[in-house]
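Colleague: I have a structure I would like to understand better, so I am pasting it below and will then ask my questions one at a time.
The values are calculated or read from the model by the stated rules, or taken from the named source; none is laboratory data. These numbers were taken from a predicted model, which means no experiment stands behind them. FYI the Cβ positions are ideal-geometry reconstructions off the backbone, even for glycines, and counts take in every protein chain you see.
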Amino acid sequence: MRHDVPYNPLHDQGYVSIGCAPCTRAIGFGEDERAGRWSGSAKTECGLHTRGP
């Protein structure tokens with residue numbers, strides 16, 4: 001555990017940068033570690049999948 005964040009088993013499946021389920025995919029060999037986040041979008045932050053008040 002680093003910075004009190006537990007290890008996520010998705011790392012073993014090619015997910016280097018993990019966000020919310022709809023905005024995250026595993027990356028391929030040679031891709032940038034953030035390539036799996038917001039794939040096909042110019043976004044760099046989600047903010048769409050939040051809980052109500």
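Colleague: Which one of these does E45 not meet: (1) of a type in the set (D, E); (2) modelled with pLDDT under 85; (3) surrounded by 10 or more Cβ atoms within 10 Å (Cβ to Cβ)?
Modeller: Here E45 clears every test but (3).
Colleague: Could you say whether any residue in the range 25-33 is surrounded by 13 or more Cβ atoms within 10 Å (Cβ to Cβ), modelled with pLDDT under 85 and either assigned to a loop (DSSP other than H, G, I, E, B) or among the polar types (S, T, N, Q) (or both)?
Modeller: Scanning the range 25-33 turns up no residue that is surrounded by 13 or more Cβ atoms within 10 Å (Cβ to Cβ), modelled with pLDDT under 85 and either assigned to a loop (DSSP other than H, G, I, E, B) or among the polar types (S, T, N, Q) (or both).
Colleague: Where the second residue is of a type in the set (S, T, Y) and exposed (fewer than 10 other Cβ atoms within 10 Å of the Cβ) and the first is farther than 10 Å from W38 by Cβ and lies in the range 4-27, which pairs have Cβ atoms under 8 Å and are six or more apart or on separate chains?
Modeller: none
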